[in-house]
1. Of the residues Lys168, Lys192, which is surrounded by fewer than 17 Cβ atoms within 10 Å (Cβ to Cβ), of a type in the set (Lys, Arg) and not in a helix (DSSP H, G or I)?
2. When you go through (1) at negative phi; (2) surrounded by fewer than 16 Cβ atoms within 10 Å (Cβ to Cβ); (3) in a loop (DSSP other than H, G, I, E, B); (4) more than 16 Å from the ligand (Cβ to nearest atom) one by one for Glu79, which number turns out not to apply?
3. Name, by its number, the condition in (1) within 16 Å of the ligand (Cβ to nearest atom); (2) surrounded by 17 or more Cβ atoms within 10 Å (Cβ to Cβ) that does not hold for Glu132.
4. Quick check on the stretch 195-228: of everything there that is assigned to a helix (DSSP H, G or I) and farther than 26 Å from Leu290 by Cβ, which residue is most open to solvent (accessible area, probe 1.4 Å)?
5. Kindly indicate the residue of the stretch 86-126 that is within 16 Å of the ligand (Cβ to nearest atom) and part of a loop (DSSP other than H, G, I, E, B) and also most open to solvent (accessible area, probe 1.4 Å) among those meeting that condition.
6. Considering each of Ser161, Ser242 in turn, give the residue that is surrounded by fewer than 19 Cβ atoms within 10 Å (Cβ to Cβ), over 19 Å from the mean Cα position of the chain (by Cα) and not assigned by TED's automatic domain parsing to the domain that holds Ser302.
7. Would you say Ser36 is modelled with pLDDT of 90 or more and open to solvent by 20 Å² or more (accessible area, probe 1.4 Å)?
8. Suppose we filter the stretch 285-334 for residues that are open to solvent by 40 Å² or more (accessible area, probe 1.4 Å) and either within 13 Å of the ligand (Cβ to nearest atom) or not assigned by TED's automatic domain parsing to the domain that holds Val214 (or both); how many remain?
Amino acid sequence: MKIGITCYPTYGGSGVVATELGKALAKRGHQVHFISYALPSRLHSGFDTNIFYHEVEMSSYPLFEFPLYTPALASKMLEVAKFEKLDILHVHYAIPHAISAFLAKQMMNGSGANVRTVTTLHGTDITLIGLEPSFLSVMKFSIEQSDAVTAVSRFLKEKTSTNYGIDKEIEVIPNFVDIEVFRRMPDSAFRKRVAPNGEKVVVHTSNFRTVKRVPDVIHVFKKILEKMEAKLILVGDGPDRSNCELLCRELGIFQDVKFLGKQEDLVEILSAADLFLMPSQSESFGLSALEAMACEVPVISSSVGGLPELVVHGETGFIAEIGDVERMAKYAIDLLTNDTKHAMFAKAGRERAVQTFNTDCVVDQYEKAYERLLR
Ligand code: GMT
């Protein structure tokens with residue numbers, strides 16, 4: 001098949017899923033064309049015979065106060081679909097990609113090109129941004145016009161139906177992880193550097209937006225520190241980072257917290273971890289928690305969104321109410337002080353990643369969805 005993929009190229013989970021999907025499809029012999037305004041972050045430059053990248057050019061003009069990305073993207077989609085003879089155009093994150101895909105398809109009418117559109121809903125496109133009055137109608141319309149729609153969790157599927165009154169079939173296809181890449185490295189050199197005296201290591205990775213509730217991570221860690229020697233590793237960057245650094249200073253724990261900023265090699269960091277915290281306010285799936293599980297790191301998360309579909313309470317980690325820092329800390333201390341239990345949780349997390357969320361089994365589901373459309 002010839003498949004066009006559009007996503008946000010930045011560090012977000014939807015871009016990661018889209019890029020890893022494209023890479024896996026290319027490995028299976030499909031021709032994959034990425035269409036975006038920049039090279040997706042996990043699509044490192046380098047030549048692959050089945051992968052192509054088409055950049056959306058944006059022209060500026062004094063009259064335009066705001067960039068006109070939606071029509072520029074639609075034109076690029078049309079160009080690629082027509083000249084590369086795409087079978088499928090798969091967009092990740094509905095705003096504005098599903099709208100551009102709809103426009104591109106309309107423009108193709110009568111041109112001989114016949115592309116099928118697929119929209120994958122990821123999270124705040126449905127739960128937050130799409131609900132704004134200025135977007136709601138166009139979101140509902142563009143999702144309904146898509147030839148197939150997938151959502152990354154049952155939670156997100158239900159939210160889409162109820163929030164937008166959409167009764168179109170939505171297939172749940174979860175996030176996935178490359179279990180060969182995301183596997184625990186023995187004798188982590190990184191661990192020796194960050195926790196040289198055998199301290200426990202707690203990790204959180206995110207884009208430091210309010211929705212991630214990073215201050216909760218810090219408060220949970222403070223309570224852990226009251227019981228044992230430990231280090232907190234915070235990976236990523238974003239609007240809340242400065243406040244979080246300030247909070248660590250105010251709480252007098254800054255020397256035990258490392259802010260690493262954006263990092264490429266997550267496996268090395270996760271291989272040093274004893275525990276992963278994800279206390280989010282909203283999370284339609286929680287890809288970074290899955291990556292932690294694949295590296296044998298138990299997860300303590302909030303109970304929102306799709307997280308209970310990923311984290312099995314009492315088996316691969318623990319789940320608590322949003323903001324219940326006391327309970328999260330209690331669970332954390334329990335796991336960090338009980339080696340046998342910790343080892344069981346670590347093993348169960350890895351097994352769950354391998355059995356349910358590995359790239360092969362999830363990419364099969366996308367491939368089958370494409371085949372159904374082309375039949
Ligand atoms: O929806 C977002 O906030 C952005 C999006 C992204 O691009 O990072 O994240 C969502 O998509 C990921 C991949 O499917 C999911 O793992 C995240 O849970 C989800 N984020 C939220 O729902 C907040």
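The values are calculated or read from the model by the stated rules, or taken from the named source; none is laboratory data. Values in this document were obtained by computation on a predicted structure and should not be read as measured data. When we count neighbours, we look across all protein chains shown, and the Cβ atoms used for this are built from the backbone with ideal geometry, even at glycine. In case anyone asks, the SASA skips ligands and DNA or RNA and just uses the protein heavy atoms, side chains included. Shrake-Rupley method; radii C 1.70, N 1.55, O 1.52, S 1.80 Å.
1. Lys168
2. (3)
3. (2)
4. Looking at the filtered set, the residue picked out is Lys222.
5. Here the residue is Tyr93.
6. Ser161
7. So Ser36 does not fit the description; no.
8. 3
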